[in-house]
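One structure below.
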Amino acid sequence: MEEIPAPVVRKGCVLIRTIHSLVSLGTEKMLVEFGRANLIQKARQQPERVKMVLDKMKTDGVLPTIEAVFNKLDQPLPLGYCNAGVVVQVGEGVNGIKVGDRVASNGTHAEYVCVPQNLVAVIPDNVSNEEGAFTVISAIGLQGIRLAKPTLGETVVVIGLGLIGLITAQLLKANGCKVIGVDLDENKLTLAASFGVDTYNTQLGDVVKFVTDATAGVGADAVLITASSKSNEIISQAARMSRKRGRIILIGVVGLEINRAEFYEKELQFQVSCSYGPGRYDDNYEQQGNDYPLPFVRWTEKRNFEAVLQAMAGGQLQVKQLITEQVPLAEYQQIYGDMGKSASIASLLKYPQEDTSEIKHTINLSLRSFTNQKGVVGIIGAGNFTKMTLLPALKNLGAELKSIASANGVSGTALAKKHAIANSTSSYKDILSDADIDLVIITTRHNLHAGQVIDSLKAGKHVFVEKPLALHEEELKGIISAYESASKCSLNVGFNRRFSPHSVGVKKALSGDPINMVMTMNAGFIPPGSWVNDMKVGGGRIIGEACHFLDLCTFFADSPIAAVCMNGLGLSPDENTDNASILVKLANGSNAVINYFSNGSKAYAKERIEIFSQERTFVIDNWKETKGYGANNFKTIKSSIDKGHKAQFQKLMDNVKRGEPSLIPFESIINTTRASFACLQSLKENTWTKVK
């Protein structure tokens, strides 16, 4: 248990003061045991990731890979997803929820949680907070039932009478089904029987025969598996106890080596249920609040939550009998101390009820003084870049790290403790109002960059923002205006590759005459659902990542980009392509071809740069080796992968302390950003596009 800053309410979300949260013993036991496992045990549990690590070693080297693995394993993961509490703040754009409402949500185990509106449901007056905490886990069972499509009078078997199984059995009874509950725990069987469920203890004999006899030889119409087991026997039993054309729905986790004959002979249907229902893992629904139209998607996550609460209010779903224990938050070890031996069905955490006027968005972890120091840093963003690149690069550079901001406070607090950062906050504006901080480093998602840059400049701070600077021209104009109005503030963008010793070495060898460049980024596949590929959030990979190479063109040629022409893969590529070739004309007559591909092998080097000048050729191979061909005085450069991050941040800290200008001329940053916009315009218009 950690003290972290309370989250700031975001657009489309509500801030909830937790009263109770339910411990999902099955899921959380698995996560806790994984966290406690050693490296060998972790590898055995996730063999597919071992191959990814080995591939990364081949391209990035052993030490960088090991460092990346340990950084990933060191990342804290908040537990819990069944929360009941009171709304204390409502974000912009939220409808149907107001301050003071008692609500159920999928918030974590925390005193305050910020949850998107589509994952929040108002608790009816006649449903207690304790009951409300069962909403989300009940929706898991309900979604499995919806997939099974039971009808009045059908026989449905529920295998596994843990918490979800007992809830599922009750909801099936409310649906007019004959329910047979199967387990090996006599206490759970007794509890299920009290809800009107026929029960069978698998230790007593052949469960398949029992179900067959109970259905007069027909077999079950549907089987819902809510058990957790590595054995393949459960899926086999489910098939053998089903009638012809029966339905099997997997809600739990079991072995899935299916006997084809058992399914083939009966033409069985098998489906895996996805959590709370339609909308799960869809950012457009969950995070952006875009609901599915009810006439076309009758039951979404939120509507399943509401249906569960209605069943509680009407008495069809009884959960108070399932509560084994209620434990104050401070005594959480009563639940988590030895989960493997726990006989609990449902454990609730109870939260202290404090004055909501004292919500802390910033916590202090150190009493160090930063007064009258230069180069005091506030970091906005605590994601992978901050953790795996920024903070390791800042180590031993004399950077005074005062504050770090993260949306939920968890990742920021963990990094603050690890890297001796004095404060952790969930409000980046607390960083901007801190007079001690003179440099703000922004590493948030791309759609937040422009607004946070503008706010930081208006606050009189030096700014470093990880690329891209902006996602469209209107954002860029706002930044230009703020920069021109800011007095003595520098603006820096994370085009780090120009600071690599490989880039610096090649640049020194060039004569200043026009050059030809071929740059290839074997970027790797990112799923379409990733935020990077969301044009409103990530801006796509050309604006978000290929901008690195656009900057390198201007660096090596020592000239701004005049025009671009981009062609995407396929007959009808859209602007969100991540497979494209970009032709670049620079003002001094230099030319470049930038190949940004996501369809290559991860075993191949990620980046390769070739520069042709005056009968000489320079090749930078994945930032590990640079050779000069026909360049007599050029010495081969070798290193571990060095993309210039450390040198970039060293220069940044020196510049801020000395009051020197930006690392890259402002005009060059604007030119590169506009060139990235021009690439997408070129693709749309199928022509060369000038860079303004």
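The values are calculated or read from the model by the stated rules, or taken from the named source; none is laboratory data. All values derive from a computational prediction rather than experimental measurement. All Cβ positions, glycine included, derive from the backbone under ideal geometry; neighbour counts span all protein chains shown.
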Of residues in segment 421-446 being under 19 Å from residue 9 (Cα atoms) and in contact with a Pro (Cβ under 8 Å, 6 or more places away or on another chain), the one surrounded by the fewest Cβ atoms within 10 Å (Cβ to Cβ): 427
Boolean, residue 384 is over 27 Å from residue 328 (Cα atoms), at pLDDT 95 or above and not β-branched (Val, Ile, Thr): no
Some residue of segment 405-420 being in contact with a Leu (Cβ under 6 Å, 6 or more places away or on another chain) and buried (at least 20 other Cβ atoms within 10 Å of the Cβ): yes
Of all residues in segment 467-511 being charged (D, E, K, R) and over 31 Å from the mean Cα position of the chain (by Cα), the one that is farthest from residue 521 (Cα to Cα): 488
Pair list, Cβ under 8 Å, 6 or more apart: segment 653-667 residue acidic (Asp, Glu), other residue in a helix (DSSP H, G or I) and surrounded by 14 or more Cβ atoms within 10 Å (Cβ to Cβ): 660/654
The lone exception for residue 655 - which of (1) in a helix (DSSP H, G or I); (2) within 30 Å of the chain's Cα centre (by Cα) it fails: (2)
Hits in segment 608-634 - residues which are in a strand (DSSP E or B), in contact (Cβ under 8 Å) with a residue 12 or more places away in the chain and of a type outside the set (Val, Ile, Thr): 608, 610, 612, 613, 616, 618, 621, 625, 628, 629
Selected residue [surrounded by fewer than 22 Cβ atoms within 10 Å (Cβ to Cβ) and either part of a strand (DSSP E or B) or in contact with a Gly (Cβ under 8 Å, 6 or more places away or on another chain) (or both)] from 161, 152: 152
Of all residues in segment 391-404 being aliphatic (A, V, I, L, M) and over 19 Å from residue 66 (Cβ atoms), the one that is surrounded by the most Cβ atoms within 10 Å (Cβ to Cβ): 404
Options 22, 39, 63; residue that is surrounded by 18 or more Cβ atoms within 10 Å (Cβ to Cβ) and more than 19 Å from the chain's Cα centre (by Cα): 22
In segment 240-254, residue farthest from residue 183 (Cα to Cα) [restricted to those that are surrounded by 24 or more Cβ atoms within 10 Å (Cβ to Cβ) and of a type in the set (Gly, Ala, Ser)]: 246
Out of 53, 32, sole residue that is more than 23 Å from residue 163 (Cα to Cα) and either at pLDDT 75 or above or touching a helix residue (DSSP H, G or I) at 6+ places or on another chain (Cβ under 7 Å) (or both): 53
In segment 620-640, the residues that are surrounded by fewer than 17 Cβ atoms within 10 Å (Cβ to Cβ) and closer than 19 Å to residue 520 by Cβ: 621, 625, 627, 629
Matching entry among 375, 337 (being farther than 27 Å from residue 21 by Cβ and either at pLDDT below 95 or hydrophobic (A, V, I, L, M, F, W, C) (or both)): 375
Any hit, segment 199-218, residues being at positive phi, out of contact with any strand residue (DSSP E or B) (no Cβ under 8 Å at 6 or more places or on another chain) and hydrophobic (A, V, I, L, M, F, W, C): yes
Subset of segment 219-253 [of a type in the set (Lys, Arg) and either outside the structural domain of residue 164 (by TED's automatic domain parsing) or assigned to a helix (DSSP H, G or I) (or both)]: 240
Condition broken by residue 115, with the remaining ones in (1) assigned to a strand (DSSP E or B); (2) touching an Asp or Glu at 6+ places or on another chain (Cβ under 6 Å) satisfied: (2)
Some residue of segment 211-218 being closer than 15 Å to residue 247 by Cα, surrounded by fewer than 22 Cβ atoms within 10 Å (Cβ to Cβ) and not assigned by TED's automatic domain parsing to the domain that holds residue 308: yes
Residues of segment 548-593 that turn out to be not in a strand (DSSP E or B) and not acidic (Asp, Glu), as a count: 23
Among the residues listed as 429, 417, the single one being basic (Lys, Arg) and either touching a residue at least 40 places away in the same chain (Cβ under 8 Å) or not in a helix (DSSP H, G or I) (or both): 417
